[in-house]
Amino acid sequence: MAGAGDGFTYSVSRPYQRIDYVMTSRDIKTTSVAVIGTEASDHFPIVADLELPHPSP
C-alpha cells in the first residue's frame, strides 16, 4: 500500500474508514497517493501517481 497517514476516505463528515483504493497489477508501481478533501460526495476522492512499465521492443 502506498501513501502516508490513515488514508481514511469515508465518511466526509467524520472520516474513520479506508474503503476506496486504486488497484494495479504487479508491473505498475504506485509512486504516490493522496486523499483529496472535499464535500462533493460522502467519500473523499483519491488520486494516485503511477509508473507504467516500458513497452517491450
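The values are calculated or read from the model by the stated rules, or taken from the named source; none is laboratory data. These numbers were taken from a predicted model, which means no experiment stands behind them. Here the Cβ positions follow ideal geometry from the backbone for every residue, glycine too, while neighbour counts run over all protein chains shown.
When Arg14 is tested against (1) in contact with an Asp or Glu (Cβ under 7 Å, 6 or more places away or on another chain); (2) exposed (fewer than 11 other Cβ atoms within 10 Å of the Cβ); (3) modelled with pLDDT under 85, exactly one condition is not met: (1). All of (1) surrounded by 14 or more Cβ atoms within 10 Å (Cβ to Cβ); (2) assigned to a strand (DSSP E or B) hold for Val47 with one exception: (1). Taking segment 14-29 as the range and being part of a loop (DSSP other than H, G, I, E, B), among the polar types (S, T, N, Q) and without any contact (Cβ under 8 Å) to a residue 24 or more places away in the chain as the test, only Ser25 passes.
Going by what's in this entry, would Ser32 be described as in a loop (DSSP other than H, G, I, E, B), among the hydroxyl-bearing types (Ser, Thr, Tyr) and surrounded by 10 or more Cβ atoms within 10 Å (Cβ to Cβ)? Walk me through how you get there before you give the answer.
Values: in a loop (DSSP other than H, G, I, E, B): no; among the hydroxyl-bearing types (Ser, Thr, Tyr): yes; surrounded by 10 or more Cβ atoms within 10 Å (Cβ to Cβ): yes.
So Ser32 does not fit the description; no.
Cβ-Cβ under 6 Å, sequence separation 6+ or interchain: first residue in segment 41-52 and under 15 Å from Phe8 (Cα atoms), partner among the polar types (S, T, N, Q) and in a loop (DSSP other than H, G, I, E, B). Which pairs? What qualifies is Asp42/Ser11; His43/Thr9; Phe44/Thr9.
In this structure, does Thr38 turn out to be among the hydroxyl-bearing types (Ser, Thr, Tyr), assigned to a loop (DSSP other than H, G, I, E, B), out of contact with any helix residue (DSSP H, G or I) (no Cβ under 9 Å at 6 or more places or on another chain) and surrounded by fewer than 14 Cβ atoms within 10 Å (Cβ to Cβ)? First the steps, then the outcome.
Values: among the hydroxyl-bearing types (Ser, Thr, Tyr): yes; assigned to a loop (DSSP other than H, G, I, E, B): yes; out of contact with any helix residue (DSSP H, G or I) (no Cβ under 9 Å at 6 or more places or on another chain): yes; surrounded by fewer than 14 Cβ atoms within 10 Å (Cβ to Cβ): yes.
Yes: the conditions hold for Thr38.
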